[in-house]
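The values are calculated or read from the model by the stated rules, or taken from the named source; none is laboratory data. All figures in this text were calculated on a predicted structure; none of them were measured in a lab. Heads up, the Cβs are rebuilt from the backbone with ideal geometry, glycines too, and the neighbour counts pull from every protein chain shown.
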Amino acid sequence: MDILLKWVLIAWFVLSVVWQFTFKFLNRYRSKDLLRLIPVWTFFAPNPGTSDLHLLFHISGSGNGIEGWQQLQHINRGHFRHLIWNPERRKIKALIDCMQIMGSIARDFTIECQDTRNEEFQTELSKRICFSVPYLVILNAVIRNAKYPQGDVKIQFAIAESYGFYTESAPKPILRSLWHPVNKQ
C-alpha cells in the first residue's frame, strides 16, 4: 500500500510539473480535470503592475475652508507580525482592487473624451460611476478612516497614480469624486 501511494504521489508531481507548460496536446486533457486536482502555478503575472495607486482625500468644513489633499494612511500601515498573521489584508486588498477598477473605468472614459483636464469631465465621470460598488467601497473607506473635524463637513476623494519608487514627479490624478456630505458626531 505504501509503495502504491508513493507512486501515485510521484506521478501526480510529474504530471503537475508537465501541466505548467502550454503544450498543445495537453489542452484536450485540461478540460477533463473537473476537480482541479492538477494545479497550475502562475508565479509571474502576464501583465505586471507598473504603477502605484494613491487614495487621497480632502475636506471642506463649515467655515474652515478646504484642507489640502492628504493620503489615506490606513492603507499603508504595516507591522512585522503581518508577515505571519494579517487579518486586515482582505479588506485592504478589496480596497486596492476597487481602486484599480475605478482607475480602469476612468482610463476607458478618458479614451472616449478628448479634453480630460476640465471640471466638466471630472464631474461627468463621477456622476456616471458614483453608484457603482467600487466607488461606494472607496467612499466608505475614506469616510471611516479619514481624520476630519466634528460637525457637518464635505469630503472628496481622488485616486492618483505614480510610476516608480523614487519618482520626482507628483502622482497624476486619475479620478476625482463628487463632494459628499458627512456628519461626524
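Here is a yes/no grid of residues against (1) modelled with pLDDT under 90; (2) hydrophobic (A, V, I, L, M, F, W, C):
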{"residue": "GLU120", "(1), (2)": "yes, no"}
{"residue": "CYS130", "(1), (2)": "yes, yes"}
{"residue": "ILE138", "(1), (2)": "no, yes"}
{"residue": "LYS147", "(1), (2)": "yes, no"}
{"residue": "GLN150", "(1), (2)": "yes, no"}
note = Filtering region 37-69 down to residues that are hydroxyl-bearing (Ser, Thr, Tyr), modelled with pLDDT of 80 or more and out of contact with any Phe, Trp or Tyr (no Cβ under 6 Å at 6 or more places or on another chain) yields SER60
inquiry  = Condition first: of a type in the set (D, E, K, R) and either modelled with pLDDT of 80 or more or surrounded by fewer than 12 Cβ atoms within 10 Å (Cβ to Cβ) (or both). Can you find one or more residues in region 70-81 that meet it?
reply    = yes
ask   = Looking at (1) at pLDDT below 75; (2) touching a helix residue (DSSP H, G or I) at 6+ places or on another chain (Cβ under 9 Å), can you tell me which one LEU34 breaks?
value = (2)
note = Of the conditions (1) at pLDDT 85 or above; (2) surrounded by fewer than 11 Cβ atoms within 10 Å (Cβ to Cβ), the single one that GLN100 does not satisfy is (2)
